[in-house]
Amino acid sequence: QVQLVESGGGLVQAGGSLRLSCAASGGIFIINAMGWYRQAPGKQRELVATVTSGGSTNYADSVKGRFTISRDNAKNTVFLQMNILKPEDTAVYYCNAPRVRDVTGRTRDYWGQGTQVTVSS
């Protein structure tokens, strides 16, 4: 059973930094893009950043220049370095791995359980 396990959330003051990690494990055959989404209270889940297995990245305009996504393909792990954090970055951050093929041949999307990021002003 494929699982995504996140870590690294917490409370930080505005202007500070946090680094999120997400490790995918459990019978993975092919994992392509991985990414991060976030959901603030009362708002819809939104894309933060994605990275392909080849290293191509995509960012939401609101985080460009402040957040950096990267991955370790050998460990099926994706990272999100968040700098110059703002109170509006406060949200639950979710790791996502779309269209993962497992060793049984099944392909489906996977989500992590979410990690809280709180930025105080």
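We did not get these values from a lab; they are worked out from the coordinates using the rules stated. Only a predicted model underlies this, so the values are computations on that prediction, with no experimental measurement involved. Here Cβ is always computed from backbone atoms with ideal geometry, including for glycine, and neighbour counts include all displayed protein chains.
Find the centroid of the Cα atoms in the range 16-39 and in the range 76-117, then give the distance between the two in whole Å.
Here the two parts' Cα centres lie 4 Å apart.
HN-Hα J couplings of the range 46-63 from phi, Karplus 6.51/-1.76/1.60, θ = phi - 60°, integer Hz, Gly and Pro as x?
10, 5, 9, 6, 9, 9, 7, 5, x, x, 6, 10, 9, 10, 5, 4, 5, 10
Over the C-alpha atoms of the chain, what are the Rg and the largest Cα-to-Cα span, Dmax, in Å?
14.1, 48
Amide H of G9: which non-local residues (sequence gap of 5 or more, or other chain) have their own amide H closer than 5 Å, using H built in the peptide plane?
Those qualifying (amide H under 5 Å, at least 5 residues apart or on another chain) number zero.
Using a 10 angstrom Cβ neighbour count of at most 12 plus a DSSP loop assignment to flag exposed trypsin sites (Lys or Arg not before Pro), which longest range of the chain is free of such sites? Don't jump to the answer; show the numbers that get you there.
On the way: sites that count: K43, K64, R106.
Excluding the exposed sites themselves, the longest stretch runs over 1-42.
Which of the lysines could a cross-linker bridge to K86, judged by Cα under 23 Å and excluding same-chain residues fewer than eight apart?
Of all the lysines, those that pass the test against K86 - Cα under 23 Å, at least 8 places apart if same chain - are K43, K64.
Report, by chain and number, residues whose modeled amide H sits under 5 Å from the one on G114, excluding near sequence neighbours (fewer than 5 apart, same chain).
Under 5 Å from the amide H of G114 lie the amide H atoms of E6, C95, each far enough along the sequence or on another chain.
In cubic angstrom, how much convex hull volume per residue do the alpha carbon atoms of the range 31-83 span?
On the way: hull volume 4.5 nm³, N = 53.
Dividing the Cα hull volume of the range 31-83 by its residue count gives 84 Å³.
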